[in-house]
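These notes concern the structure reproduced below.
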Amino acid sequence: MPIDRPDHATADELLELFPDGSHLDRQGRITVGGCSLAEVADRFGTPALVVDEAALRGRARAYRQALAAHWPNSQAVFASKSFPCTEVVRTLVEEGLGVDVAGGGELVTALAAGADPAHIVLHGNAKTDEELAMAVAAGVGTVVIDNLHDLDRLEKLVTDGRQAVLLRVVPEVDADTHAAMMTGHRGTKFGLTADRAAEAADRVRRSSRLRLDGLHVHVGSQLMDTAPFRRAVEALAALPGLGRHTVYDLGGGLGVRYTHADRAPDIGAYVRDLTDAAREHLPHDARLIIEPGRSLVGPTAVTLYRVVTVKPGERTLVAVDGGMADNLEPMLYGQRFEATLVDRVGGGERCDLVGRHCEQGDTLIRDVPLRDPRPGDVVAVPATGAYCHSLANNYNGARRPPVVFCRDGRARAVVRRESYADLLRRDAGTAHPRALPFLGSRT
């Protein structure tokens with residue numbers, strides 16, 4: 001079925017999907033962060049994930065300022081699973097955000113980025129003993145209890161002082177999003193049901209090693225309406241046997257605009273609606289935490305590809321040098337994106353933009369207009385800052401792409417492209433000499 005997109009989107013309409021401040025240079029080429037995307041592709045190769053640093057900082061400030069205006073006793077913590085890159089986390093920490101981590105690797109990344117452990121929130125529905133021990137050793141400020149076994153493990157590990165915890169509860173709120181992105185409905189794998197939450201609260205109150213600061217809730221991701229967030233706050237306040245608390249973590253999940261047809265609340269409207277609901281249902285002196293991820297980083301990045309082949313036919317197939325190894329969102333969630341050639345922006349013939357991997361399902365975008373695509377052209381796909389780097393993989397031996405920060409006309413790689421040597425680095429055996437010319441240094 002054709003996607004609801006203009007037959008001939010103008011350059012201005014396409015640029016609306018790119019990071020704030022993106023524009024066309026005198027040659028008609030897209031510029032992000034003051035850098036020509038064509039030149040970035042030439043310098044760093046493709047595929048490449050390009051981040052507009054100023055746009056990233058701008059969205060962090062928008063969250064911080066909206067919270068300060070509507071609920072001063074609050075903090076935004078970055079849901080780092082959406083873009084677990086050290087430089088991204090470092091940038092957001094510099095802008096005053098805390099960090100939400102969902103495992104040992106994300107915790108190490110946050111610490112490497114300079115995050116204050118006191119402002120780190122540890123999540124996970126199946127935290128291991130090792131991960132909890134890492135959190136305790138690092139001085140992580142808040143551990144979110146997802147199940148009763150979390151309490152068993154944590155109580156054994158805390159030996160000095162008392163560890164602050166939040167209880168993640170199931171609000172039984174359905175959200176209008178892809179089924180795989182729903183997290184607050186009845187039967188979800190995340191959180192404690194009302195009766196289990198009351199039991200957990202009683203246990204923590206009797207513990208000499210844990211301190212119950214409050215409750216946590218999350219209803220889903222890529223939500224384009226604030227109504228489910230408001231219902232979750234109401235459900236949180238109505239849970240029996242849990243009382244009132246000093247901290248309420250209201251999660252994240254705000255959606256972003258991927259295509260021309262998408263409409264999402266802006267950050268200010270989202271925070272206003274959320275805090276209005278909190279003011280109606282929660283203690284006015286409570287501390288609020290929110291966990292933006294996709295809405296913070298998604299619109300700030302662009303993925304660049306180079307066209308490898310063009311196959312005319314019933315449907316023109318434009319194959320690029322990336323695909324499901326660097327962007328699994330279309331395959332996992334049916335996520336729709338837009339695309340354009342970086343030097344011929346807007347309009348063109350409807351094509352299917354397909355990847356290079358050995359799966360028929362490796363299609364990035366169906367029915368997208370591209371103007372006279374040819375091998376060697378650079379294609380830009382906007383709004384790829386969330387979950388593309390997170391889910392990147394080595395299918396077909398693909399080397400994960402670099403992350404390039406652009407600001408004020410300067411581009412710098414903050415994550416290098418993987419090498420072929422990297423693909424073999426964890427192998428316990430010795431590489432056959434025939435591979436050596438392609439590996440370079442393996443140190």
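Values for this structure:
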{"item": "Pairs, first more than 18 Å from GLN65 (Cβ to Cβ) and at pLDDT 95 or above in the stretch 287-302, second open to solvent by 10 Å² or more (accessible area, probe 1.4 Å) and in a helix (DSSP H, G or I), C-beta under 8 Å, six or more apart", "result": "GLY293/LYS81"}
{"item": "The stretch 221-248, residues that are in contact (Cβ under 8 Å) with a residue 24 or more places away in the chain, part of a helix (DSSP H, G or I) and open to solvent by less than 30 Å² (accessible area, probe 1.4 Å)", "result": "PRO228, PHE229, ALA232, VAL233, ALA235, LEU236"}
{"item": "Every pair of residues 6+ apart whose Cβ atoms lie under 9 Å, when the first sits in the stretch 349-362 and is farther than 10 Å from MET324 by Cβ and of a type in the set (A, V, I, L, M, F, W, C) while the second is open to solvent by 80 Å² or more (accessible area, probe 1.4 Å) and in a loop (DSSP other than H, G, I, E, B)", "result": "CYS351/ARG315"}
{"item": "Selection within the stretch 205-220 - open to solvent by 20 Å² or more (accessible area, probe 1.4 Å) and touching a residue at least 40 places away in the same chain (Cβ under 8 Å)", "result": "SER208, ARG209, ARG211, LEU212, ASP213, HIS218"}
{"item": "The one condition in (1) among the acidic types (Asp, Glu); (2) closer than 24 Å to LEU391 by Cα; (3) open to solvent by 30 Å² or more (accessible area, probe 1.4 Å) that GLU53 fails to fulfil", "result": "(3)"}
{"item": "Residues of the stretch 249-273 classified as open to solvent by less than 20 Å² (accessible area, probe 1.4 Å), closer than 26 Å to VAL170 by Cα and in a loop (DSSP other than H, G, I, E, B), total", "result": "6"}
{"item": "Strands (runs of 3 or more DSSP E) wholly inside the stretch 339-443 that include at least 3 residues being farther than 26 Å from ALA102 by Cβ", "result": "349-354, 363-370, 378-382, 410-415"}
{"item": "Residue list for the stretch 374-413, filter: touching a residue at least 60 places away in the same chain (Cβ under 8 Å), open to solvent by 40 Å² or more (accessible area, probe 1.4 Å) and not polar (S, T, N, Q)", "result": "ARG374, PRO375, HIS389, LEU391, TYR395, ARG400, ARG407, ASP408, GLY409, ARG410, ALA413"}
{"item": "Candidate set: the stretch 86-107, residues that are open to solvent by 20 Å² or more (accessible area, probe 1.4 Å) and aliphatic (A, V, I, L, M); chosen: the one nearest to MET134 (Cα to Cα)", "result": "ALA102"}
{"item": "Residues of the stretch 287-321 satisfying the condition of being over 19 Å from PRO373 (Cβ atoms), open to solvent by less than 10 Å² (accessible area, probe 1.4 Å) and over 16 Å from the mean Cα position of the chain (by Cα)", "result": "LEU288"}
{"item": "Top-ranked residue in the stretch 323-340 [being out of contact with any Gly (no Cβ under 8 Å at 6 or more places or on another chain) and without any contact (Cβ under 8 Å) to a residue 60 or more places away in the chain; ranked as least open to solvent (accessible area, probe 1.4 Å)]", "result": "ALA339"}
{"item": "Residue identified as more than 23 Å from LEU56 (Cβ to Cβ), assigned to a loop (DSSP other than H, G, I, E, B) and under 23 Å from the mean Cα position of the chain (by Cα) among MET324, MET331", "result": "MET324"}
{"item": "Some residue of the stretch 87-102 being touching a residue at least 40 places away in the same chain (Cβ under 8 Å) and over 16 Å from GLY293 (Cβ atoms)", "result": "yes"}
{"item": "Number of the exception - CYS35 against (1) at pLDDT below 95; (2) surrounded by 15 or more Cβ atoms within 10 Å (Cβ to Cβ)", "result": "(1)"}
{"item": "Among residues of the stretch 116-135, those that are of a type in the set (A, V, I, L, M) and open to solvent by 10 Å² or more (accessible area, probe 1.4 Å), counted", "result": "4"}
{"item": "Filtered residues of the stretch 187-220 (kept if at pLDDT below 85 and part of a loop (DSSP other than H, G, I, E, B))", "result": "GLY187, THR188, LYS189, PHE190, GLY191, VAL219"}
{"item": "The stretch 414-433 - residue that is of a type in the set (A, V, I, L, M) and within 16 Å of ALA48 (Cβ to Cβ) and, of those, surrounded by the most Cβ atoms within 10 Å (Cβ to Cβ)", "result": "VAL415"}
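The values are calculated or read from the model by the stated rules, or taken from the named source; none is laboratory data. What you are looking at is a predicted structure, and each value in this text was computed from that prediction instead of being measured. Note that we place each Cβ from the backbone using ideal geometry, even for glycine, and neighbour counts take in every protein chain shown. Ligands, DNA and RNA are stripped out before the accessible areas are found, and what is left, the full protein with its side chains, is counted by its heavy atoms. Shrake-Rupley method; radii C 1.70, N 1.55, O 1.52, S 1.80 Å.
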